[in-house]
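Here the structure comes first, spelled out in structure tokens, and everything after it is commentary.
The values are calculated or read from the model by the stated rules, or taken from the named source; none is laboratory data. Since we're looking at a predicted model, the values are computed, not measured. Heads up, the Cβs are rebuilt from the backbone with ideal geometry, glycines too, and the neighbour counts pull from every protein chain shown. Keep in mind that these areas ignore ligands, DNA and RNA; they rest on the heavy atoms of the full protein, side chains included. Shrake-Rupley method; radii C 1.70, N 1.55, O 1.52, S 1.80 Å.
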Amino acid sequence: MGLLINGQWQDQWYDTEKTGGAFQREDAQLRNWVTATGAAGPNGVGGFKAESGRYHLYVSLACPWAHRTLIFRQLKQLQAHIDVSIVSPDMLSNGWEFDTNHPDKKFRSSGDTLFGSTCMHQIYTRHKANYSGRVTVPVLWDKQQNCIVSNESSEIIRMMNSAFNDLTGNTDDYYPADLRRQIDGINELVYHKINNGVYKSGFATAADKYEVAVSDLFDALDSVEAIIARQDFLVADASGRGVLTEADWRLFTTLVRFDAVYVGHFKCNIRRIADYPALSDYLQRLYQHPGIAATVNIDHIKRHYYYSHDTINPTRIVPVGPQLAFLQD
Ligand SMILES: N[C@@H](CCC(=O)N[C@@H](CS)C(=O)NCC(=O)O)C(=O)O
């Protein structure tokens, strides 16, 4: 794992020294938007019109942020319009790689089907030769301008939600105008305390920082359990009926990894999702939503975390369990 400094790859783990042992996620740097007309989006520059076959998505099947974009590609029927390259689950000294020869077939990458790169950092230096920063997935690449449009998943899913509607005819809306305030409010809680909360727990290098993160995480899980116990989804319409929105998909990608990885590897072990009746049922319902199970790869998920983070798991042994109810029923 590492980062680019002036276009040069440096193998370097997260620096938690300057924050007294707390993990701090850096903001994504590349923040343009694909829009229906090519006009600029809420931030960044214009020039990225929604067109079939023009954009390419780089993802890891292990990564919860990249997973959001794969889910929206399914939900919004973008498979024929946006193609995908999948990195290897192991993220070692070269960062994300495209290993198409792994001895175990289930851990093979699709390869970089656009350029045949061996490492993801080559995509960032193709975008900008002297790029400095972390090399993260997901990345949305523009084949026409030969550059990265965005490496921020929360914005990529918003583009997918609406920019391509004229091409696909799919007008399902996971960020409807009348529910935006509620969605934004839930996203704020879920992002800081749950999505990123598991990372703050797992990557902390000081006990006090870990303890704060893990207790915030479980307070937030208790809150979302209470919401889901009274309505089907996180956000409700004026009549109090739950409506499926992006807020649910953003929570889903953490829940689906929780009992398999975060409980053990990241020490998020006050409770399991299996101990929350409403969240367990909700996780299963979302998993069974058409097209979603195909986006979940538990093998890549477990392998990535337990094998890549040798500062946390030096033996790199990947646990066999647990049995996950949502996969079985
Ligand atoms: N803000 C980004 C975060 C993406 C992110 O941190 N991805 C992780 C994978 S789970 C990554 O690529 N990490 C590599 C690194 O930090 O060096 C987003 O949501 O798109």
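Okay, residues lined up against (1) among the aliphatic types (A, V, I, L, M); (2) in a loop (DSSP other than H, G, I, E, B); (3) more than 16 Å from the ligand (Cβ to nearest atom):
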| site | (1), (2), (3) |
| --- | --- |
| TYR14 | no, yes, no |
| PHE23 | no, yes, no |
| ALA39 | yes, yes, yes |
| VAL45 | yes, yes, yes |
| GLU51 | no, yes, yes |
| HIS56 | no, no, no |
| VAL84 | yes, no, no |
Exercise. So which of ARG257, ARG230 is touching a helix residue (DSSP H, G or I) at 6+ places or on another chain (Cβ under 9 Å), open to solvent by less than 10 Å² (accessible area, probe 1.4 Å) and of a type in the set (D, E, K, R)?
Worked result: ARG257
For this session: Report yes if THR125 is out of contact with any helix residue (DSSP H, G or I) (no Cβ under 7 Å at 6 or more places or on another chain), within 16 Å of the ligand (Cβ to nearest atom) and not in a helix (DSSP H, G or I), otherwise no.
Result: no
Seminar exercise, completed: Considering residues that are open to solvent by less than 30 Å² (accessible area, probe 1.4 Å) and under 30 Å from GLY21 (Cα atoms), the number found within region 284-312 is 9
Seminar exercise, completed: Restricted to region 1-19 and to residues being open to solvent by less than 40 Å² (accessible area, probe 1.4 Å) and farther than 23 Å from ALA129 by Cα, the residue modelled with the lowest pLDDT is THR16
Exercise. Would a scan of region 61-72 turn up a residue that is open to solvent by less than 20 Å² (accessible area, probe 1.4 Å), under 24 Å from ARG134 (Cα atoms), within 16 Å of the ligand (Cβ to nearest atom) and assigned to a loop (DSSP other than H, G, I, E, B)?
Worked result: yes
For this session: Name the one entry in ASN170, ASN161 that is in a loop (DSSP other than H, G, I, E, B) and in contact with a Lys or Arg (Cβ under 9 Å, 6 or more places away or on another chain).
Result: ASN170
Exercise. Residue check, GLN10 against (1) in a loop (DSSP other than H, G, I, E, B); (2) under 30 Å from ASP310 (Cα atoms); (3) out of contact with any helix residue (DSSP H, G or I) (no Cβ under 8 Å at 6 or more places or on another chain), all met but one. Which one?
Worked result: (1)
Problem set entry | Of the criteria (1) assigned to a helix (DSSP H, G or I); (2) more than 25 Å from ILE71 (Cβ to Cβ); (3) of a type outside the set (Phe, Trp, Tyr), which one THR205 fails | (1)
